[in-house]
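Okay, so here's the structure we're looking at.
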Amino acid sequence: MHPNETIINTFYAAFQQKNVAEMNLCYAENIAFSDPVFGLLHGDEVRGMWEMLCKNGKDLQLSFGNIQLLDEEYATCDWVAQYTFSQTGRRVVNKIKAHIRVENGIITEHTDAFDIYNWSRQALGMKGWLFGWTAWFQKKLQQKTRIALNNYIEKK
């Protein structure tokens with residue numbers, strides 16, 4: 001197995017076990033992460049996000065596969081998160097494509113891409129159906145999520 005594939009496998013296997021310490025060992029100190037819900041995060045924000053999600057994701061189930069090495073640094077991975085969204089109690093099945101950069105055996109960039117409208121319909125119900133596709137709603141969602149993350153990090 002290629003070393004870049006190994007580090008990606010290690011990251012997601014740790015995620016399946018909610019082992020945040022092991023996940024963070026796969027990341028560079030100045031890791032850059034982005035997704036449609038959190039937006040762009042760096043370093044300790046990224047580590048705090050995974051910790052918050054693992055701690056709050058009581059029924060989180062995760063599967064991953066289809067790791068594709070695109071070149072010496074870039075790879076993709078498909079993963080699926082299934083969980084109950086805590087704010088509404090609604091069940092979510094989120095299909096995600098991760099875009100990952102590995103440099104010197106460690107993940108330096110990680111972007112998760114998924115259909116935010118599909119996610120918002122599942123997580124938020126009618127509000128998601130009506131507004132989840134709008135830029136205004138997506139911006140408000142990111143702001144709310146960032147506030148929750150900042151509050152979590154401050155309490156640590």
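Readers should treat all values here as calculations from the given coordinates under stated rules, not as data from a laboratory. On a predicted model such as this, the values are computed, not experimentally measured, just so you know. Cβ placement follows ideal geometry from the backbone for every residue including glycine, while neighbour counts extend to all protein chains displayed.
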Next item on the list: Treating the angle as unsigned and between 0 and 90°, give the value, to the nearest 10°, between the Cα long axis of helix 44-56 and the longest Cα principal axis of the chain.
Entry: 60
Notebook entry, point to check: Top mean-square fluctuation among Asn19, Asn30, Asn66, Gaussian network model of the chain, C-alpha springs under 10 Å?
Noted result: Asn66
Check: On a 0 to 90 degree scale, rounded to 10, what angle separates helix 3-16 from the longest Cα axis of the chain?
Finding: 40
Check: Can you give the angle from 0 to 90° between the axis of helix 135-155 and the longest principal axis of the chain, with both taken from C-alpha atoms, to the nearest 10?
Finding: 70
Next item on the list: Calculate, for Asn118 and Thr84, the FRET efficiency according to 1/(1 + (r/R0)^6) with r their C-beta to C-beta distance and R0 22 Å; round to the nearest 0.05.
Entry: 0.85
Checklist line | Proximal aspartates and glutamates relative to Lys95, as straight alpha-carbon distance under 14 Å, when same-chain residues fewer than 8 apart are discounted | finding: Asp35, Asp78, Asp112, Asp115
Check: When mean projected area of the Cα convex hull in nm² is calculated directly from the model, which label among (i) 9.4; (ii) 8.8; (iii) 11.1 fits?
Finding: (ii)
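Run through the stretch 17-114 and list the trypsin sites (Lys or Arg not before Pro) located in a DSSP loop whose Cβ has at most 13 other Cβ atoms within 10 Å.
Answer in residue order: Lys58.
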Margin query: Please compute the length gained on full extension between Ala148 and Ser63, using 0.36 nm multiplied by the number of residues separating them and subtracting their Cα-Cα distance.
Written below: 28.0 nm
Checklist line | Cα gyration tensor of the stretch 44-92 - equivalent ellipsoid semi-axes, whole Å, descending | finding: 26, 15, 7
Note to self: Quick query: amide H of Ile31 versus all other amide H atoms, modeled in the peptide plane; which residues come in under 5 Å with a sequence gap of 5 or more or a different chain?
What the structure shows: Gly43
Next item on the list: Subtract the Cα-Cα distance of Asn19 and Lys139 from 0.36 nm times their separation in residues, and report this length gain in nm to one decimal.
Entry: 40.2 nm
Margin query: Assuming 0.36 nm per residue, please report the length gained on full extension of the stretch Phe131 to Glu29 beyond their Cα-Cα distance.
Written below: 33.1 nm
Item checked: Distance between the stretch 104-156 and the stretch 35-83 - C-alpha centres, whole angstrom -> 12
Checklist line | Other-chain or far-sequence residues with amide H under 5 Å of Thr88's (modelled H) | finding: none
Checklist line | Within straight-line cross-link reach of Lys97, lysines at Cα separation under 20 Å, skipping those fewer than 8 residues along the same chain | finding: Lys18
